[in-house]
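The values are calculated or read from the model by the stated rules, or taken from the named source; none is laboratory data. Everything quoted here is computed from the prediction, not taken from an experiment. Backbone-built Cβ (ideal geometry, glycine too); neighbour counts: all protein chains shown. Note: areas computed on protein heavy atoms with side chains; ligands, DNA, RNA excluded. Shrake-Rupley method; radii C 1.70, N 1.55, O 1.52, S 1.80 Å.
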Amino acid sequence: MTADRPLRAGAGLKPEHHRHILESRPDIGWFEVHAENYMGAGGPPHFFLERARALYPISLHGVGLSIGSAGGMTPGHLARLKKVADRYDPFVVSEHLAWSTHEGVFLNDLLPLPYTEATLALVSRHVEEAQTVLGRPILIENPSTYLRFEGEEMAETDFLRALARRSGCGLLLDLNNVVVSAVNRSFDPLTYLDTFPVEHVGEVHLAGHAVLGDIEAPLLVDTHDRPVSPEVWGLYHRLITRLGPLPTLVEWDSNVPAWPILEAEVARADSVLRAAGEGRARAA
Amino acid sequence: MLPLDATQQTFAHALLRPELQVPVAVAEMVGPTRERRFAVHRNNVKASLVATLAAKFPVIQRLVGEDFFEATALVFVERHPPRSPVLAEYGAAFPSFLGTFEPAVDLPYLVDVARLEWARHEAFHAADAASSSIGSLAALADDDLESVRLTLHPAATVVASAWPIVSIWTTNTLDAEVRRIGPDTPGEIALITRPDEEVFVHLLPQDADRLIAALADGAPLGEAAASVPDGFDLSTGLALLFSAGAVSGLLEGMSE
């Protein structure tokens, strides 16, 4: 959460769009990349990111640190994350409230955590360690959840508030994850938003999801493979009207569309941000 | 409430093994059953890892078909799950696994085609370096030519096979119409390079792998040239190495 974070919408930097972006230099506020895709020695990933970084602010989003692993974060991974952060100087570094590594095996999913005091102590310790190594505060993202554990002791929003206070981290509020989890865990997304510790939010994510199964008992799945849903746009409008502009990412990671389609989604988020900014200017 | 490490232990095991039950820590809730909820994670893990293997071994997938590939990849994922969140590093063991996978024993060329595909993948992510031109070699005096050592480009890799792997790869990747490759087609040696942002596959002449192995070991050019049989066309072989971008530097006047 540095002072020069762009209060605009951004897009994921996808190999499908690399050449177009470098050649046409679209008017996009910033790009986000997954840190793990830039941990190789060289080649096209670094070639294109270096050139994109020269043109745009970059946000670094990690998916492999496994901050919630009881057996410790992914060994050696924090040092690799720091190397990428040092090389590309992102305006923000973020990770997930999740775990993905167990006994050295990487499961390639953002797995859920039981919201208990013991989990909170563990995650706070790991976030503090990450921030110490990286030399900066990071943002932690609220997860998409599909299930609940026996014996949970607090709501997700209370867990995140306590985590931010204890560790000094900021929060990345993924509104699609709110919509997905709200259906899957039967809570009201508006209540979630109203109880979320919004004072810690440094970035917002928007994305699309899939609906699995019948109408009677659907599960929503966080797929990032389609346009942002109307419910997510509704929550976004409400959030930004209340908080004012925040860096906002449109995530579209599989079935990646042609650039103009993604660009139009980003422009839509930008128009919400602009309206909120103008509203604030009038009120001032 | 179980300790977190115990919960994660059963969760992790049940994710990779479909015969195991959903962990007891997963609560009963209104709506979808515990099994359906847990199945989302099981599917995320397996589908994403099968997809990452398919992206690295597209010719293998094409040769065996999508269903066979998926079944094969699922067994591989269960037996050799990733050990790092950097998925670019996942799949190095897939070629040798294909050699031991019972249902694939009738397709012995798969192992070497997979080695070629993995070499392409590694070349994509290899360290960057500028390539040398053959002009730098031509500029040397004859004496220096004998003693010069070639530094191979970090992305340059050789895959030698008893099977026509370059023909198989090429016709399944680049050709507009797939060529028929008969059982009497001789073995081939592939040279994989990535001089800039693009990965290339070249067909090397027979025995060129011995020359490159000697150069990679640090042998001076004169000694490396002696490691190939008489009749090997050294100047053509070297011209191919340089034009493919497989050489990144010359070291002169170095002694043992």
Can you compute the FRET efficiency between B:Glu28 and A:Phe187 using 1/(1 + (r/R0)^6), with r the Cβ-Cβ distance and R0 = 25 Å? Round to the nearest 0.05. 0.90
Please figure out what share of the DSSP beta bridges in chain A is antiparallel and state it in percent, rounded to the nearest 5. 20 percent
Gain upon complete extension [B:His80, B:Thr100; 0.36 nm per residue less C-alpha separation]: 5.9 nm
Compare the Cα positions of A:Leu175, B:Ile181, A:Pro189 along the charge dipole of the protein assembly as shown (+1 at Cβ of Lys, Arg; -1 at Cβ of Asp, Glu; about the Cα centre) and return the one farthest towards the positive end. A:Pro189
Listed residues B:Trp169, B:Gly245, B:Phe200: farthest to the positive end of the dipole of the stretch B:127-256 (Cβ charges): B:Trp169
Any idea what diffusion coefficient the stretch A:99-242 gets from Stokes-Einstein, in µm²/s, Kirkwood Rh on alpha carbon pairs, 10 °C, 1.306 mPa s? 99 µm²/s
Calculated from DSSP H runs of 4 or more alone, at -39500 (n - 2.57) each and per residue, what is the 222 nm mean residue ellipticity of chain B, nearest 500? -14500 deg cm²/dmol
Decide, for the protein assembly as shown, between rounded, prolate and oblate: order the square roots of the alpha carbon gyration tensor eigenvalues as a ≥ b ≥ c, take rounded if a/c falls under 1.5, and otherwise choose prolate if a/b is larger than b/c, else oblate. prolate
For the charge dipole of chain B, defined by +1 on Lys and Arg C-beta atoms and -1 on Asp and Glu C-beta atoms about the Cα centroid, which residue among B:Leu211, B:Ala104, B:Ser235 has the Cα displaced farthest towards the positive pole? B:Ala104
Given labels modelled 7 Å from the Cα in the Cβ direction, how far is it in nm from A:Ser271 to A:Ser24? 1.8 nm
For the stretch A:1-151, the Cα convex hull volume per residue in Å³ comes to 130 Å³
Taking a ≥ b ≥ c as the square roots of the Cα gyration tensor eigenvalues, with a/c under 1.5 meaning rounded and otherwise prolate when a/b beats b/c, else oblate, which class fits the stretch A:164-211? prolate
Can you tell me the length gained on complete extension of the stretch B:Thr173 to B:Asp67, counting 0.36 nm per residue apart and subtracting the Cα distance? 36.2 nm
Calculate the translational D of chain B in whole µm² s⁻¹ from Stokes-Einstein, where the hydrodynamic radius comes from the Kirkwood formula applied to all Cα pairs, the temperature is 20 °C and the viscosity 1.002 mPa s. 101 µm²/s
Based on the mean of other Cβ atoms within 10 Å per residue, sort peptides A:219-228, B:125-134 so the most packed one is first. A:219-228, B:125-134
For the stretch B:127-256, what is one quarter of the convex hull surface built on the Cα atoms, given in nm²? 9.0 nm²
Across B:9-22, the residue-averaged tally of Cβ atoms belonging to other chains within 10 Å stands at 2
Mind putting a number on the dipole of the protein assembly as shown about its Cα centre? Charges go on the C-beta only, +1 for Lys and Arg and -1 for Asp and Glu, and I need it in Debye to the nearest 20. 1740 debye
Gyration tensor (Cα only) of chain A to equivalent ellipsoid, semi-axes in Å sorted down, yields 26, 24, 19
Suppose we keep just the DSSP beta bridges with both residues in the protein assembly as shown; what percent of those would be antiparallel, to 5? 45 percent
Leaving out ligands, DNA and RNA, calculate the buried accessible area for the pair B and A with a 1.4 Å probe, summed over both sides, in Å² to the nearest 100. 3900 Å²
With r defined as the distance between the Cβ atoms of B:Asp5 and B:Thr151 and R0 fixed at 45 Å, what FRET efficiency is calculated, to the nearest 0.05? 0.40
Hey, which aspartates and glutamates would be in cross-link range of B:Lys46, C-alpha to C-alpha under 13 Å, not counting anything within fewer than 8 residues on its own chain? A:Asp109, B:Glu70, B:Glu78
Inter-chain shielding metric for A:44-53, i.e. average beta-carbon neighbours from other chains within 10 angstrom, reads 2
Within 10 Å of each Cβ in peptide A:35-42, how many partner chain Cβ atoms are there on average? Round it to a whole number, please. 6
Nearest-0.05 FRET efficiency for B:Phe200 and B:Ala54 at R0 = 25 Å, using Cβ-Cβ distance, is 0.70
